[in-house]
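Nothing in this text is a laboratory measurement; each read-out follows from the coordinates by a stated rule. Values in this document were obtained by computation on a predicted structure and should not be read as measured data. Note: ideal-geometry Cβ built from the backbone for every residue, glycine included; neighbour counts use all protein chains shown.
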Amino acid sequence: MPTIQKRALIVIDVQNEYFTGNLPIEYPNPLETIANIGIAMDVASAAGIPIMVIQQTSPAGSPLFAIHTDGWQLHPVVAARAHDHSVSKTLPSAYPETDLAQWLEKNGIDTLTVVGYMTHNCNASTINHALHNGSNVEFLHDASGTVSYRNQAGYASAEDIHRVFSVVLQSRFAAVMSTQEWIDCVKLGVSPVRDSIYKSNQRARKKAEHVAAFSAGQLTTTMPFE
């Protein structure tokens, strides 16, 4: 039977800094992800799903999200659409120093759908926080994105960061899906596929064993996802 959920769509840090500022999103294609964010907001509005908009804020003179600069402003796709609540934050997670938890409790929200930027930073931090607060979480991987990093620990491309974080989130913290898959869940009133650390690891180990056997010539076909 369909599972009735009380969702809220949380739109995290969809600001100009990620498009025309000092921290441009690299992967997935930002033009595609911002379009999907707009679609998700439209679907939420039509379905009566409350929308919360989060805005990262830094002090004047900061290189990123300096208050009242163009980079700090919401992207026009979000700014042009209605929302039910908004908060300004200074930390990666949208929970500390904001009324997010109280707003969710007041509105009886048990499921958060997360879109916005960045996958590995504010999205992942908020998702983890939400799980620890007892919420179900959904993450739309094609309505988010990230950048590449190089530091003392090494280099990671934006594609690698986004892909790995999506896999890790699906293993325990959120149901990771496309915008269209989420729309189908909303329209049908069903819950998305969720996974576990144990099952995710078992599949990975089985795949590694299969690849080793294939390389040794013991198998002639590759293994499908199970």
ask   = In region 61-181, with Lys and Arg counted as +1 and Asp and Glu as -1 at Cβ, which of these residues, HIS85, ALA101, PHE165, has the Cα nearest the positive end of the dipole, that is, farthest along it?
value = PHE165
key: Contour excess over end-to-end distance, with Cα ends at ASN151 and ARG203 and 0.36 nm allotted per residue   = 15.5 nm
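State to the nearest 20 debye the size of the charge dipole of the chain about its Cα centre, where the only charges are +1 on K and R beta carbons and -1 on D and E beta carbons.
600 debye
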query = Rounded to the nearest 500, what is the chain's calculated 222 nm mean residue ellipticity when only DSSP H runs of at least 4 contribute -39500 (n - 2.57) each, over all residues?
reply = -10500 deg cm²/dmol
remark   = The lysines whose Cα lies under 19 Å from the Cα of LYS6, excluding any fewer than 8 residues away in the same chain, are LYS106, LYS187
query = By per-residue mean of other Cβ atoms within 10 Å, what is the highest-first order of 149-155, 49-55?
reply = 49-55, 149-155
request  = Give me the percent of DSSP beta bridges within region 7-195 that run antiparallel, rounded to the nearest 5.
outcome  = 15 percent
Centre separation in Å (Cα based) which lies between region 158-214 and region 1-76 = 23 Å
request  = Hydropathy first: keep DSSP H helices in the chain averaging at least 1.0 on Kyte-Doolittle, then drop any whose Cα extent along the axis falls short of 20 Å, and list what survives.
outcome  = 30-47
query = Among the lysines, which fall within straight-line cross-link reach of LYS199, defined as a Cα-Cα distance under 18 Å, with same-chain neighbours fewer than 8 residues apart omitted?
reply = LYS207
query = If you line up the Cα atoms of region 65-204 on their principal axes, what length do they span on each, largest first, in Å?
reply = 48, 43, 27
